[in-house]
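Asker: Can you read through this structure? Questions will come right after.
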Amino acid sequence: MVLEKEDLEDESLRIDCPVLVTERLVLRPPHVDDLEELAELANNRKIAEMLGRMPHPYGPADAQQFVNAVRKADEGCAYAIALGENGAFIGCAGLNPTMRGLELGYWIGEPYWGRGYATEAAHALVDLAFRATPIDTLHVSCRVINPGSRSVIHKCGFQYSGQGMLDSQVAGRVPVERYRLDRKTWVSLRSWGLA
């Protein structure tokens, strides 16, 4: 999943960011207890190359800076993704205002890949975006070389809307696929059993 830098000053995109509980996950604000696991999981070039703003290497100072930035942010929502059964930190996700509108972003630590956690977190955030804001369209993008993220995007009902470029701190300027989900489609898919 790709998050980009462009910020948009739009009051309609401000979100109260509640703790979200899904079948297996808890999405909550990141905190100091996450620092060690965050630094360990995020220090993975495979993940950083897929994102715009994640540096590599990623150490404890980067983790602390991220947690501090989330505390000070007054736009969008940034979540730590934790397992509901034991509270283990497994990744991050969020909704961020961009020039295109509200955009979904996520990453999961490599030891937790292939278990459906990204899709489960994305479903929760898509629901939050449409329930907590008046947006008509939610956006998401992924590197063209990221089939795992593309699969998550398709399972959430997003439709392809074109290509663009991303300035990644690690990979440089890279092509991305852009997707969008409109409110009408979301309403028809809300049970997520059909997506």
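All of the numbers you see were taken from the coordinates with simple rules; none came from a lab. This one's a predicted model, so the numbers in the text were calculated from it and none came from an experiment. Note that each Cβ is placed from the backbone with ideal geometry, even for glycine, and that neighbours are counted across all protein chains shown.
Asker: Nearest 500 deg cm²/dmol is fine: what mean residue ellipticity at 222 nm does the chain get from its DSSP H runs of n ≥ 4 alone, each adding -39,500 (n - 2.57), divided by its residue count? Mind dumping the intermediate values first?
Answerer: Working: 6 runs with 57 residues, N = 195.
It lands at -8500 deg cm²/dmol.
Asker: Starting from 0.36 nm per residue, how many nanometres of slack lie between Asn86 and Arg115 once their C-alpha separation is accounted for? Intermediate values should be presented prior to the final figure.
Answerer: Values: separation 29, 0.36 × 29 = 10.44 nm, distance 1.60 nm.
Fully extending the segment from Asn86 to Arg115 adds 8.8 nm.
Asker: By DSSP, what percent of the beta bridges with both residues in the range 11-188 are antiparallel, rounded to the nearest 5? Intermediate values should be presented prior to the final figure.
Answerer: Numbers: 36 of 37 bridges.
Expressed as a percentage, antiparallel bridges in the range 11-188 total about 95.
Asker: No other cysteine beta carbon under 4.7 Å away is the test; run it over the chain and list who passes.
Answerer: Cys92, Cys142, Cys156
Asker: Here's a follow-up. Counting only C-alpha contacts under 8 Å and six or more residues apart, can you give the relative contact order of the range 11-188 as a whole percent?
Answerer: Numbers: 320 pairs, mean separation 40.1, N = 178.
Relative contact order of the range 11-188: 23 percent.
Asker: Once the mean 1/r over all distinct Cα pairs of the range 11-188 is inverted, what Kirkwood radius in angstroms do you read off?
Answerer: Numbers: mean 1/r = 0.0611 Å⁻¹.
Over the range 11-188, the inverse of the mean reciprocal pair distance is 16.4 Å.
Asker: Restricting to DSSP loop positions (anything but H, G, I, E, B) with no more than 13 other Cβ atoms inside 10 Å of their own Cβ, which trypsin sites (Lys or Arg not before Pro) remain in the range 84-150?
Answerer: Details: sites: Arg100, Arg115, Arg131, Arg143, Arg150; in loops: Arg100, Arg115.
Answer in residue order: Arg115.
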